[in-house]
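Q: Sharing a structure, written as structure tokens. Questions coming.
Please treat every number below as a calculation from the coordinates, not as lab data. It should be emphasised that the depicted structure is a prediction, and the values quoted were computed from it without experimental measurement. With ideal geometry, Cβ positions are generated from the backbone for all residues, glycine too; neighbour counts draw on all protein chains shown.
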Amino acid sequence: MFISVDMEGMAGVVHLHQVMRGTPEYERSCHLMTAETNAAVAGARRAGATRIVVNDSHGDMRNFLLDELDDGVEVISGADKPYSMGAGLDPTFEVAFFVGYHASIGTEGAIMDHTYGGRTVYALRINGRAQSEASLNAALAGTYGVRTALITGDRATVEEATAELAGIEGVVVKEALGRQAARSLHPVEACRRIEEGAYRAYADRASRPLYRPDGPFTLEIDWMNASMADLCAQLPDVQRAGGRTTRYRTPDFQTCYRMLLALLTIAAPAAYQYPRP
């Protein structure tokens, strides 16, 4: 089983300063992230999972407290890895879990909504449909024949994912009151619910969705500013489709995903840099 773990969707996490390395609250969020991951692992293992690989999928992707993480898992960490949040996916897995995820950029009533590039991406579409990190990673999993079985996060995140991925198990751990405010379960209760949700997700894995959209794929990104589009449009086969919009076409979803990651890297130098807290 494969588990991709983000941080913004953890119970009790509501503010940028809780998810950025170097801030006073960041280390506490690493504890929460590790605990919710352990809960998902425990539930899946009760349902019969044996080999479990967890992929740290937040920020610099070095957030797990390894001495607190379940000692029966394999861990993928570090940001410079193929397929990023989907690193490690292959046809040997039956299902994927997405723990601590957030909603797509522009979602109302969602904590820290963004889609992959919080400082770069204003909107992201494939074949005209808006994408979230959950839909992107579920589609990547689908190219390997891996079903997406579970998502956890705030209510908007879960509702967005379950609308796109019919049949996925969703666990709501908080409800946004604004982009950086929420009513949240206590972390211990959140872990209880995640463990139970993970148990159901894995026990019923054969009925979970295999999300495999039909190609060819047209990737359109509206960037935060026109300088980002200037940089990305220098790549062969990347078209300028507007003042701050680029377009790329490919018959293969894995190639589409890899181009998304490449474009994010190219656009990054033109992004607003968060000041140090």
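Q: When Lys and Arg each count +1 and Asp and Glu each count -1, what net charge do the other residues less than 12 Å away from Leu150, Cβ to Cβ, add up to?
A: For residues surrounding Leu150, the net value is 0.
Q: Can you list the DSSP H helices in the chain whose Cα atoms extend at least 18 Å along the helix axis and whose mean Kyte-Doolittle hydropathy is 0.0 or higher? Please list the in-between numbers first.
A: Working: long enough: 26-46 (30 Å, -0.46); 187-203 (24 Å, -0.60); 253-267 (21 Å, 1.32).
Counting only whole DSSP H runs, the qualifying helices are 253-267.
Q: Less than 14 Å Cβ to Cβ from Lys81, Lys/Arg counted +1 and Asp/Glu -1: what total charge do the surrounding residues give? Could you put the intermediate results ahead of the total?
A: On the way: positive: Arg62, Arg258; negative: Asp56, Asp60, Glu74, Asp80, Asp90.
Counting the neighbours of Lys81, the net charge comes to -3.
Q: If we count other beta carbons within 10 Å of each Cβ, what is the order of His114, His102, His15, His58, fewest first?
A: The most exposed by this proxy come first: His15, His114, His58, His102.
Q: How large is ³J(HN,Hα), in whole Hz, for each residue of segment 234-251 in order, when computed from phi with the Karplus curve 6.51 cos²θ - 1.76 cosθ + 1.60 and θ = phi - 60°, using x for Gly and Pro?
A: So the Karplus estimates, Gly and Pro as x, are 6, 6, x, 6, 9, 9, 7, 10, x, x, 10, 10, 10, 9, 9, 10, 7, x Hz.
Q: Under the 0.36 nm per residue contour assumption, what length would be gained going from the current alpha-carbon distance of Tyr83 and Thr50 to full extension?
A: On the way: separation 33, 0.36 × 33 = 11.88 nm, distance 2.38 nm.
The Tyr83-Thr50 span can extend by a further 9.5 nm.
Q: Still on this model: Given H placed 1.01 Å from N in the peptide plane, which residues other than close sequence neighbours of Leu165 have an amide H under 5 Å from its amide H?
A: It is none; the list stays empty.
Q: If you don't mind, there's one more thing I want to ask. Antiparallel DSSP bridges in the chain: what percent, to the nearest 5?
A: Numbers: 20 of 41 bridges.
So the antiparallel bridges amount to about 50 percent of the total.
Q: On to the next question. Could you line up Cys232, Cys191 from fewest to most neighbouring Cβ atoms inside 10 Å?
A: Numbers: Cys232 27, Cys191 22.
Ranked by crowding around the Cβ, least crowded first: Cys191, Cys232.
Q: What does the charge count near Tyr211 come to, summing +1 for each Lys or Arg and -1 for each Asp or Glu among other residues with Cβ under 11 Å from its Cβ? The partial results should precede the final answer.
A: Details: positive: Arg147, Arg208, Arg212; negative: Glu164.
In short, +2.
Q: In addition: Quick one: work out Rg over Rh on the C-alpha atoms of segment 181-277, Rh as Kirkwood radius. Mind showing how you got there, number by number?
A: Values: Rg = 19.8 Å, Rh = 17.0 Å.
Over the Cα atoms of segment 181-277, Rg/Rh equals 1.17.
Q: If you rank Phe98, Phe64, Phe2 by fewest surrounding Cβ atoms within 10 Å, what's the result?
A: Listed from fewest to most nearby Cβ atoms, that is Phe64, Phe2, Phe98.
Q: Which semi-axis lengths, in whole Å and largest first, follow from the square roots of five times the eigenvalues of the Cα gyration tensor of the chain?
A: Numbers: eigenvalues 163, 96, 55 Å².
Square roots of five times the eigenvalues give 29, 22, 17 Å.
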